[in-house]
Amino acid sequence: MQGLEDALGYSFKKPELLREALRHSSYANEHRGSESASNERLEFLGDSVLGFVTAEFLFQSRPDSPEGDLTRTRARLVCEESLHEVARRLELGRYIRLGHGEESGGGRTRASILADATEAVIAAVYLDGGIKAASDLIHRVLLDDATEVHAAEKRRDNKTALQELVQRKPGRVLAYSLEGESGPDHDKTFVVAVSLDGEVIGTGEGHSKKEAEQMAARDALTHMT
């Protein structure tokens, strides 16, 4: 685990906490005894720690922002896509322990598994070193200025922005349609088109229908603004 500790910038006093944080339920279900605990409880705790630290950061750094803006920004920063990006930078997938089914099904690169493991690791650092250690980690991997700006731009809610733009002229109809999908079940790519009054104004691809819709909306916005 030394490589992961180096990436985290934190050395565990109780390395068993880190091992538990990386133990997916599929692995725990296949083993008994000392390795029977999955990372689900740590994920639960890590979600709360991450939410608190992020809320405090936004509260202190944006004194003039109203509650609604703070809530939306926090949601963008701590969403699955954001945590997946953190996990990829940390190469967390190399260290996660999976059951045979998840391993063969591509679980090591699955966004939801990596995002959950990121929350579990945050909880492990919190339990091992306290709130300051956890806060320092969250700031390093997520909340520094460059990462925040990048994350906010990348995860901008393009669908909402497009809807607001269209609504400036009442009576117009915006619709999303699935145009195709490809790839294996664990790594599908979806293609979505967005139409305005029946005319296609943008297309997008993604590993989920929601992501493809966002990309289609972004494509439409580039032509309309």
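Throughout, read-outs are computed from the coordinates displayed, never taken from laboratory work. For clarity, every value in this text was computed on a predicted model and none was experimentally measured. All Cβ positions, glycine included, derive from the backbone under ideal geometry; neighbour counts span all protein chains shown.
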Reachable aspartates and glutamates, given that their alpha-carbon falls under 17 Å from the alpha-carbon of LYS132 and they are not under 8 places away in the same chain:
GLU5, ASP47, GLU56, GLU119, ASP144
Quick calc, segment 12-82, dipole around Cα centre from Cβ unit charges on Lys, Arg (+) and Asp, Glu (-), nearest 20 debye, gives 240
Under a Cβ-only charge scheme (Lys and Arg +1, Asp and Glu -1), can you give me the dipole magnitude of the chain about the Cα centre, in debye to the nearest 20?
140
Total formal charge among the other residues, if their Cβ is under 10 angstrom from that of ALA111, Lys/Arg +1 and Asp/Glu -1
-3
To test your reading of the geometry: what angle, between 0 and 90 degrees and rounded to tens, separates the Cα axis of helix 40-61 from the longest principal axis of the chain?
60
What is the distance in Å between the Cα centres of segment 6-26 and segment 56-91?
23
Taking Cα atoms, how many degrees apart are the long axis of helix 145-154 and the longest axis of the chain, rounded to 10 and kept between 0 and 90?
50
Label model pair SER61, ARG89: point-to-point distance (7 angstrom along the Cα→beta-carbon line) in nm is 1.1
Just want the ordering: ASP64, ASP6, ASP136, from fewest to most Cβ atoms lying within 10 Å of their own Cβ.
ASP64, ASP6, ASP136
Arranged from highest to lowest average of other beta-carbon atoms within 10 Å per residue, in what order do the peptides 13-20, 109-116 appear?
109-116, 13-20
Which aspartates and glutamates, on any chain, are close to LYS209 with Cα under 17 Å apart, when same-chain ones fewer than 8 places away are left out?
GLU80, GLU81, ASP157, GLU179, GLU181, ASP185, ASP187, ASP219
Using a basic spin-label model with each label point 7 Å from the Cα along Cα→Cβ, how many nm lie between ASP69 and ASP187?
4.1
Quick one: net charge around HIS207, please, counting Lys, Arg +1 and Asp, Glu -1 for every other residue with C-beta under 9 Å from its C-beta.
-2
Could you tell me what % of all Cα pairs in segment 2-154 have separations over 26 Å?
24
Starting from 0.36 nm per residue, how many nanometres of slack lie between CYS79 and LEU178 once their C-alpha separation is accounted for?
33.3 nm
What is the angle, in °, between the Cα long axis of helix 80-90 and the longest principal axis of the Cα atoms in the chain? Nearest 10 is fine, range 0 to 90.
50
